[in-house]
Amino acid sequence: SSSVAKGETLEDTVRTFGSYADIITLRHPQPGSVQGAARFANIPVLNAGDGIGEHPSQAMLDTFTIREELGTVNGLTITLVGDLKNGRTVHSLARVLSQYKNVTLNYVSPASLAMPESIKRDVALRAPYVEQHEFTELTDAVLAKTDVLYVTRVQKERFEDEDEYERTRSAFVIDNSVMRKCKRNMIVMHPLPRVTEIAPEVDTDQRAAYFRQMQYGMFVRMALLALVLCRNF
């Protein structure tokens, strides 16, 4: 970090780490930065999140969580809730879910934080059979059909206007009253950290999968490192 503070470019940083390590796991605030850095690396580069762009390994562990908890991804209705504009996890997850059959994606957010058109267009091009629906309210009808309720926090660090953040940060709160409207065989997921969007009272509900999701993430990332580094794995 001292070299970056002195003005070192990302490209030079990547080349330097390439002399020391076998793999680079890179998180960067600028969308597209990891893809650009990979062009200058002589070792594998894993994207650990690039600003509001993508978070591929999170999407992998999220998909693994769904399969472990519900047995399949095919045919499910996945409802993504919260800041879908700036949430890199939901951008990557929507793209991964489009690879499965008969999936329905519900996008629930304030109008100002809607899923980007580029993501919806990409899903439609990859999988025209995947249904995509947008809502500005988390209605009882949506909850009743949801198999996976994927909740994201409204990210304060993405807002230049603090008043706008305050207006939207508690737009959707999942508590026991919401859970009573959901299926018995469904799960609630969250990439963590959470703030106020899931009430602590939900933690004891067996459908609350977000801490199990975190543990699955450790296993998936271990496997990813093994696949990249171990030729005989």
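The values are calculated or read from the model by the stated rules, or taken from the named source; none is laboratory data. Keep in mind the model is a prediction, meaning the values are calculated, not measured. Neighbour counts are summed over all protein chains in view; Cβ atoms, including those assigned to glycine, are modelled from backbone coordinates with ideal geometry. The protein model used for the area step is the full one, side chains on, heavy atoms only, and it has no ligands, DNA or RNA in it. Shrake-Rupley method; radii C 1.70, N 1.55, O 1.52, S 1.80 Å.
Tabulated results
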| read-out | value |
| --- | --- |
| Helices (runs of 4 or more DSSP H) contained in segment 2-110 and holding at least 2 residues touching a strand residue (DSSP E or B) at 6+ places or on another chain (Cβ under 7 Å) | 10-20, 33-38, 56-70, 88-97 |
| Residue within segment 155-162 that is at pLDDT 95 or above and either closer than 26 Å to Gln30 by Cβ or open to solvent by 80 Å² or more (accessible area, probe 1.4 Å) (or both) present | no |
| Subset of segment 130-154 that is among the aliphatic types (A, V, I, L, M) and either loosely packed, with under 14 Cβ neighbours inside 10 Å or assigned to a loop (DSSP other than H, G, I, E, B) (or both) - its residue that is modelled with the lowest pLDDT | Val154 |
| Residue match in segment 27-35 (condition: surrounded by fewer than 17 Cβ atoms within 10 Å (Cβ to Cβ), under 17 Å from the mean Cα position of the chain (by Cα) and of a type in the set (D, E, K, R)) | yes |
| Condition check for Leu84: of a type in the set (A, V, I, L, M, F, W, C) and within 19 Å of Gly217 (Cα to Cα) | no |
| Among the residues listed as Val142, Val151, Val123, the single one being aliphatic (A, V, I, L, M), under 18 Å from the mean Cα position of the chain (by Cα) and under 21 Å from Ile174 (Cβ atoms) | Val151 |
| Only one of Val202, Val188 that is under 19 Å from Val90 (Cβ atoms) and either open to solvent by 50 Å² or more (accessible area, probe 1.4 Å) or in contact (Cβ under 8 Å) with a residue 12 or more places away in the chain (or both) | Val188 |
